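Scroll down for the structure; my scribbles are underneath it.
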Amino acid sequence: MKKLFADFKKFISKGNVLDMAVGVIIGSAFSAIVNSLVKDVITPVISIITGGTDLTELKAILRPEVVDELGEVVTPALTLNYGNFIQAIINFLLIAISVFLFVKLIVKIQKTLDFNANMREAIQKKLDNDEELNTLENKWMQRMAKKDPENLPKKTPAPAPAAPAEPSSTDKLLMQILEELKKD
């Protein structure tokens with residue numbers, strides 16, 4: 001019995017089961033919203049278009065009801081309730097469209113979040129690589145200054161090892177973009 005309980009606890013605590021439970025709960029709430037949209041908004045509009053006809057009341061009588069002399073129904077009518085079928089099709093289409101649009105919105109948001117994360121990572125890599133290049137350049141300049149101080153490149157004097165290099169305008173722009181992305 002303890003093993004069964006432990007197995008059940010392990011099963012129920014898996015991420016997939018919890019995700020599915022959350023999905024079912026959200027799905028039922030979403031279904032209630034779509035059902036209200038169909039029943040309270042779309043059906044009245046369709047009723048106006050069809051001249052006041054309620055789709056759910058549309059039916060074909062296959063066999064009329066049989067009534068005795070007292071007015072009591074002896075045999076109920078046999079009807080083909082095609083109006084309910086039409087309403088079910090409309091409900092299905094609206095739910096499918098709603099779910100499609102909802103999933104499309106979620107995918108778009110996810111892509112935006114992924115793009116921002118990838119952009120942050122790329123900018124950080126660029127900044128990290130530039131720091132490595134600056135460090136390598138500083139080391140090279142120090143070695144050159146020790147080996148042959150007269151042949152150092154004239155355009156770029158050797159930077160002092162203790163003072164950090166001023167970031168370039170590109171690095172400054174990338175840092176600003178990175179800060180903006182972190183705010184999101």
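Observations on the model:
- Cross-link reach is defined here as a Cα-Cα straight distance under 30 Å, omitting same-chain residues fewer than 8 places apart; for K182 the lysines meeting it are K104, K108, K111, K125, K126, K172.
- Global geometry of the range 95-141, whether rounded, prolate or oblate, following the gyration tensor of its Cα atoms and the 1.5 cut on a/c: prolate
- Couplings 3J(HN,Hα) of the range 25-36, computed from phi: 5, 5, x, 5, 5, 5, 4, 5, 5, 5, 4, 5 Hz, in residue order, whole Hz [Karplus 6.51 cos²θ - 1.76 cosθ + 1.60, θ = phi - 60°; x for Gly and Pro].
- Reachable lysines from K147, criterion Cα separation under 20 angstrom, eight or more residues apart if same chain: K139, K155
- Solvent-accessible surface of the chain, averaged per residue with a 1.4 angstrom probe and all protein chains in place: 82 square angstrom.
- With a Förster radius of 45 Å applied to the beta-carbon distance between E57 and K125, the computed FRET efficiency rounds to 0.10.
- Couplings 3J(HN,Hα) for the range 105-112, derived from phi with the Karplus relation 6.51 cos²θ - 1.76 cosθ + 1.60 (θ = phi - 60°), are 5, 4, 5, 5, 5, 4, 5, 5 Hz, where x marks Gly and Pro.
- Under-5 Å amide H pairs with T79, H placed in peptide plane, nonlocal only: L62
- Using θ = phi - 60° in the Karplus curve 6.51 cos²θ - 1.76 cosθ + 1.60, the 3J(HN,Hα) couplings for the range 73-87 round to 6, 8, 10, x, 5, 9, 10, 9, 8, 6, x, 4, 5, 4, 5 Hz; x is entered for Gly and Pro.
- The simple spin-label model puts a point 7 Å past each Cα toward its Cβ; for N81 and K111 those points are separated by 4.3 nm.
- M175 versus L70: modelled label distance in nm, points set 7 Å from Cα along the beta carbon direction: 9.7 nm
- Look at where the Cα atoms of the range 83-117 and of the range 37-54 average out, and the two centres are 23 Å apart.
- Sulfur and carbon atoms: percent of accessible area, the chain [1.4 Å]: 66 percent
- Cα-based shape type of the range 1-114, given that a ≥ b ≥ c are square roots of the gyration tensor eigenvalues and the cut on a/c is 1.5: oblate
- Heavy atoms of K183 accessible to a 1.4 Å probe, total area in Å² rounded to 10: 150 Å²
- Contour excess over end-to-end distance, with Cα ends at L93 and K147 and 0.36 nm allotted per residue: 11.5 nm
The values are calculated or read from the model by the stated rules, or taken from the named source; none is laboratory data. Because the structure is predicted, anything quoted here is derived from the model rather than measured. Note: ideal-geometry Cβ built from the backbone for every residue, glycine included; neighbour counts use all protein chains shown. Calculation scope for accessible area: heavy atoms of the full protein, side chains included, ligands and nucleic acids excluded. Shrake-Rupley method; radii C 1.70, N 1.55, O 1.52, S 1.80 Å.
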